[in-house]
């Protein structure tokens, strides 16, 4: 397997793996050979697992070469936009629930229906699982695993502070008190109870669903109003002023990647992320991490959670090898040996056969991820309608910047709420 080193930097283990695969070597390609480009974002651990699966695939499919490219943060989306403009989208590229609708409607993804079930043998996933990646009645991606939102907890920090870690049914009011208490009890400088979560669109979505609303309306547009936004921003501003959240300059470092999250940076005792990311967080955390549900509005009330495809492989609309790309995705999600390499880092596998094969080899962190997905079984609500076009821009160019302005006290709650709705409506199509 070849690795594009200009944008892909790994730790020593990953580099060794890349060299073992002949990274950068120039092996002559025969006429019938297929070369596939695969592009994704994520941690070094994800990169190594992906590379190892690609190497395994090459060993079982003579004549196929896979060129891997891993990026992080906003660099991934910038690269994808460049590829779209140049009509040179990677053969296989990674998306997630918040972006698949947007990019499929913009023509980045190839519809995969013709490859099911001949090449993509995903019938055992269940019909509902395919609905998660179906946009306008066409299948535009294959989910790589199930996950949901989650609250990560540094157990050591709570133990040292003599405070009980949050339970699965914790309310937002209780969470706020706990975050402030932890900040005070830690005795550390530049260390806080939790994140400034106002800028996390998926947490805002759960918050709204607990109140019978949602981030985006099923009929299109926003699913909330100015008063909802005021309540959301007020909660985080009040908590920040009480000392329960990290400072603004720490939170703005967060690019929705593991290594930039305040918990991973050692700046907070709690973090909010996606459940499959527990594996990546634990790899870089010195302390034992636990996972539980996000806080909810009231005891016994809706959790706001729903199952979602953690990540998605889509096929680039400009690919010259659609069948080969679909075949690689099928291998990725159905091959037992591939599943053992991937573990649950991209979510709990969709394939029952792969899940069963994984169980005996899982480490405690991976087991915790599966237990969490099982815990949610009676807590999850219906999967929402596909996000509309403009959802990515809403997150990156509207919600996050406004939350940052608020945290830096450059705007007020009322102004931020009004702008969130006004600018959100202008961004969301439909």
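For the condition farther than 23 Å from residue 207 by Cβ and under 20 Å from the mean Cα position of the chain (by Cα), what is the one hit in 367, 361, 393? Talk me through it step by step, then tell me what you get.
Details: 361 fails: under 20 Å from the mean Cα position of the chain (by Cα); 393 fails: farther than 23 Å from residue 207 by Cβ.
Exactly one residue qualifies, and that residue is 367.
Scan region 329-350 residue by residue and report those that are at pLDDT 95 or above and farther than 20 Å from residue 45 by Cα.
330, 334
Based on what the data block shows, is residue 375 closer than 24 Å to residue 97 by Cβ and either in contact with a strand residue (DSSP E or B) (Cβ under 9 Å, 6 or more places away or on another chain) or not assigned by TED's automatic domain parsing to the domain that holds residue 102 (or both)? Break it down into steps so the answer makes sense when it comes.
Numbers: closer than 24 Å to residue 97 by Cβ: yes; either in contact with a strand residue (DSSP E or B) (Cβ under 9 Å, 6 or more places away or on another chain) or not assigned by TED's automatic domain parsing to the domain that holds residue 102 (or both): yes.
Yes: the conditions hold for residue 375.
Return yes or no: is residue 264 touching a helix residue (DSSP H, G or I) at 6+ places or on another chain (Cβ under 6 Å), touching a residue at least 60 places away in the same chain (Cβ under 8 Å) and outside the structural domain of residue 347 (by TED's automatic domain parsing)? Let's see the steps before the verdict.
Numbers: touching a helix residue (DSSP H, G or I) at 6+ places or on another chain (Cβ under 6 Å): yes; touching a residue at least 60 places away in the same chain (Cβ under 8 Å): no; outside the structural domain of residue 347 (by TED's automatic domain parsing): yes.
Here the answer is no, as residue 264 does not meet what is asked.
It is to be established whether one or more residues within region 64-73 are in a loop (DSSP other than H, G, I, E, B) and more than 22 Å from the chain's Cα centre (by Cα). Walk me through how you get there before you give the answer.
Step one: filter region 64-73 for residues in a loop (DSSP other than H, G, I, E, B), giving 72-73.
Subsequent filtering for residues that are more than 22 Å from the chain's Cα centre (by Cα) retains none.
No, that holds for no residue.
Restricting to region 389-423, count the residues that are part of a loop (DSSP other than H, G, I, E, B) and modelled with pLDDT of 95 or more. Spell out the reasoning first.
Here is the first cut: in region 389-423, the residues part of a loop (DSSP other than H, G, I, E, B) are 390, 408-412.
Filter once more, so that each one left must be modelled with pLDDT of 95 or more: 408-412.
Qualifying residue count, region 389-423: 5.
In region 230-256, what count of residues is obtained for those that are surrounded by fewer than 18 Cβ atoms within 10 Å (Cβ to Cβ) and either in contact with a strand residue (DSSP E or B) (Cβ under 8 Å, 6 or more places away or on another chain) or under 21 Å from residue 76 (Cα atoms) (or both)?
The total comes to 4.
Find the residue count for region 295-320, including only residues that are at pLDDT below 95 and in a strand (DSSP E or B).
Adding up the residues that qualify gives 2.
Taking residue 380, is it within 28 Å of residue 302 (Cβ to Cβ), buried (at least 20 other Cβ atoms within 10 Å of the Cβ) and in contact (Cβ under 8 Å) with a residue 60 or more places away in the chain? Reasoning before the result, please.
Details: within 28 Å of residue 302 (Cβ to Cβ): yes; buried (at least 20 other Cβ atoms within 10 Å of the Cβ): no; in contact (Cβ under 8 Å) with a residue 60 or more places away in the chain: yes.
Against the criterion (within 28 Å of residue 302 (Cβ to Cβ), buried (at least 20 other Cβ atoms within 10 Å of the Cβ) and in contact (Cβ under 8 Å) with a residue 60 or more places away in the chain), residue 380 does not qualify.
Keeping to region 217-254, report how many residues are closer than 19 Å to residue 387 by Cα and either out of contact with any helix residue (DSSP H, G or I) (no Cβ under 7 Å at 6 or more places or on another chain) or not assigned by TED's automatic domain parsing to the domain that holds residue 179 (or both).
4
For residues that are crowded, with 24+ Cβ neighbours inside 10 Å and within 15 Å of residue 158 (Cβ to Cβ), tally how many sit in region 267-293.
4
Does residue 323 meet the test of being closer than 19 Å to residue 290 by Cβ, in contact (Cβ under 8 Å) with a residue 60 or more places away in the chain and part of a helix (DSSP H, G or I)? Please lay out each step first, then the result.
Working: closer than 19 Å to residue 290 by Cβ: no; in contact (Cβ under 8 Å) with a residue 60 or more places away in the chain: yes; part of a helix (DSSP H, G or I): yes.
No, not satisfied.
Determine if region 28-46 includes at least one residue that is under 28 Å from residue 387 (Cα atoms), surrounded by fewer than 18 Cβ atoms within 10 Å (Cβ to Cβ) and at pLDDT 95 or above. Steps first, please.
Looking only at region 28-46, we keep the residues that are under 28 Å from residue 387 (Cα atoms), and these are 37-43, 46.
Checking which are surrounded by fewer than 18 Cβ atoms within 10 Å (Cβ to Cβ) leaves us with none.
No - not one qualifying residue is present in region 28-46.
Among the residues of region 145-158, is any surrounded by fewer than 21 Cβ atoms within 10 Å (Cβ to Cβ) and either without any contact (Cβ under 8 Å) to a residue 12 or more places away in the chain or in the same structural domain as residue 69 (by TED's automatic domain parsing) (or both)? Lay out the reasoning, then the answer.
To start, the set of residues in region 145-158 that are surrounded by fewer than 21 Cβ atoms within 10 Å (Cβ to Cβ) comprises 155-156.
Checking the rest, the ones that are also either without any contact (Cβ under 8 Å) to a residue 12 or more places away in the chain or in the same structural domain as residue 69 (by TED's automatic domain parsing) (or both) come to none.
No - not one qualifying residue is present in region 145-158.
Please find, among 128, 123, the residue that is in contact (Cβ under 8 Å) with a residue 60 or more places away in the chain, loosely packed, with under 13 Cβ neighbours inside 10 Å and farther than 14 Å from residue 317 by Cα. Talk me through it step by step, then tell me what you get.
Working: 123 fails: in contact (Cβ under 8 Å) with a residue 60 or more places away in the chain.
It is 128.
Just one of the numbered conditions (1) crowded, with 21+ Cβ neighbours inside 10 Å; (2) closer than 13 Å to residue 295 by Cβ is not true of residue 224; which one?
(2)
Does any residue in region 329-344 that is without any contact (Cβ under 8 Å) to a residue 40 or more places away in the chain come within less than 8 Å, Cβ to Cβ, of a residue that is outside any helix (DSSP H, G or I) six or more places away or on a different chain, and which pairs are these?
Pairs found: 339/349; 339/351.
The values are calculated or read from the model by the stated rules, or taken from the named source; none is laboratory data. Here the structure is a predicted model, which is why all the values come from computation and not from measurement. Heads up, the Cβs are rebuilt from the backbone with ideal geometry, glycines too, and the neighbour counts pull from every protein chain shown.
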